[in-house]
Amino acid sequence: MYTTSDFRKGLKIELEGKPFIIVDFLHVKPGKGGAFVRTKIKNLVSGQVLDKTFRASDRIEKPDLAEREMQYLYRDGYNYCMMDKETYDQILLSTDQIGESKNYLSENIDLKVLLFNDKPLGVELPNFVELAIAQTEPGVRGDTASGGSKPAALETGAVIQVPLFLNEGDIVRVDTRTGQYIERVKTV
């Protein structure tokens with residue numbers, strides 16, 4: 001059980017049998033009456049964001065959440081196939097469960113799958129992934145890293161801004177949290 005003093009951004013809690021994550025919170029101590037905590041929580045199943053107020057004396061359940069190391073295998077239409085690295089069991093996640101992570105999923109990437117009561121909720125990617133540039137305007141001789149940027153479509157379909165000197169086929173490191181180019185890893 002959690003108390004309101006345990007609250008922090010990113011803490012996962014359970015309310016009415018559903019898992020939530022705390023997006024934002026504020027401890028309030030009014031001059032009159034008891035202290036309370038205003039929170040903004042996001043439902044991990046539906047994605048709905050709620051404003052909820054807890055009294056300082058409230059106790060909140062810990063959800064039955066588990067993270068499992070898995071490997072992304074392939075996309076089958078609307079579903080993404082993941083394989084458990086220990087048991088080799090395969091599960092399918094929908095596009096809704098994958099969310100924005102689909103922009104950085106390349107085959108055989110290792111990731112964590114969040115499970116609630118043994119049902120998959122979503123994925124957590126590594127902070128950095130290496131992807132190939134599928135389409136961009138060609139680099140021109142003399143373009144430097146500090147000169148500017150241009151759009152580039154990655155092998156996954158995501159479009160990011162990259163320096164002018166990069167070409168199609170180059171492998172780049174991308175921050176999955178911000179979607180920004182970090183560095184060139186390999187040239188063609």
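Structure data summary
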{"read-out": "HN-Hα J in Hz across segment 2-19 - Karplus 6.51, -1.76, 1.60, θ = phi - 60°, x for Gly and Pro", "value": "9, 10, 5, 6, 7, 4, 7, 5, x, 5, 9, 10, 10, 10, 6, x, 10, x"}
{"read-out": "Listed residue pairs exceeding 24 Å between alpha carbons, taken from K42/K102; K32/K62; K12/K119; K112/K150", "value": "K32/K62; K112/K150"}
{"read-out": "Total charge dipole magnitude, segment 44-110, about the Cα centre, Cβ charges on Lys, Arg, Asp, Glu only, Debye to nearest 20", "value": "300"}
{"read-out": "Projected label distance in nm at H27 and V188, using a 7 Å step from Cα toward the beta-carbon", "value": "5.6"}
{"read-out": "The chain - charge dipole about Cα centre, Lys and Arg +1 at Cβ, Asp and Glu -1, debye rounded to 20", "value": "1060"}
{"read-out": "Average Cα contact separation per residue, the chain, under 8 Å, 6 or more apart, as relative contact order %", "value": "13"}
{"read-out": "FRET efficiency, 1/(1 + (r/R0)^6) with R0 35 Å, evaluated for K52 and D76 via beta carbons", "value": "0.40"}
{"read-out": "Global geometry of segment 25-77, whether rounded, prolate or oblate, following the gyration tensor of its Cα atoms and the 1.5 cut on a/c", "value": "prolate"}
{"read-out": "Estimated FRET transfer efficiency (D6, E124; beta-carbon r; R0 25 Å; 0.05)", "value": "0.70"}
{"read-out": "Ellipsoid semi-axes in whole angstrom, largest first, where each is sqrt(5λ) of the Cα gyration tensor of segment 74-185", "value": "32, 12, 11"}
{"read-out": "Alpha-carbon Rg/Rh ratio, for segment 1-95, with Rh computed the Kirkwood way", "value": "1.14"}
{"read-out": "Probe 1.4 Å, accessible area per residue of the chain, Å²", "value": "60"}
{"read-out": "Rough spin-label spacing in nm, given labels placed 7 Å along Cα→Cβ, for L65 and N167", "value": "4.5"}
{"read-out": "Most positive-pole-ward Cα, V188, Q135, P63, against dipole of segment 42-188 from beta carbon charges", "value": "P63"}
{"read-out": "Neighbour net charge for A134 - beta-carbon separation under 12 angstrom, K R +1, D E -1", "value": "-3"}
{"read-out": "Chymotrypsin sites (Phe, Trp or Tyr not before Pro) lying in DSSP loop within segment 1-104, provided at most 10 other Cβ fall within 10 Å", "value": "Y78, Y88"}
{"read-out": "In nm, spacing of pseudo-spin labels at E137 and Q90 (7 Å Cα→C-beta vector)", "value": "4.2"}
{"read-out": "The chain shape via C-alpha gyration tensor axes, a/c threshold 1.5", "value": "oblate"}
{"read-out": "Space enclosed by the convex hull of the alpha-carbon atoms of segment 66-106, per residue, Å³", "value": "76"}
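The values are calculated or read from the model by the stated rules, or taken from the named source; none is laboratory data. Keep in mind that what you see is a predicted model, and the values were worked out from it rather than measured. All Cβ positions, glycine included, derive from the backbone under ideal geometry; neighbour counts span all protein chains shown. The accessibility values were calculated without ligands, DNA or RNA, using every heavy atom of the protein model including side chains. Shrake-Rupley method; radii C 1.70, N 1.55, O 1.52, S 1.80 Å.
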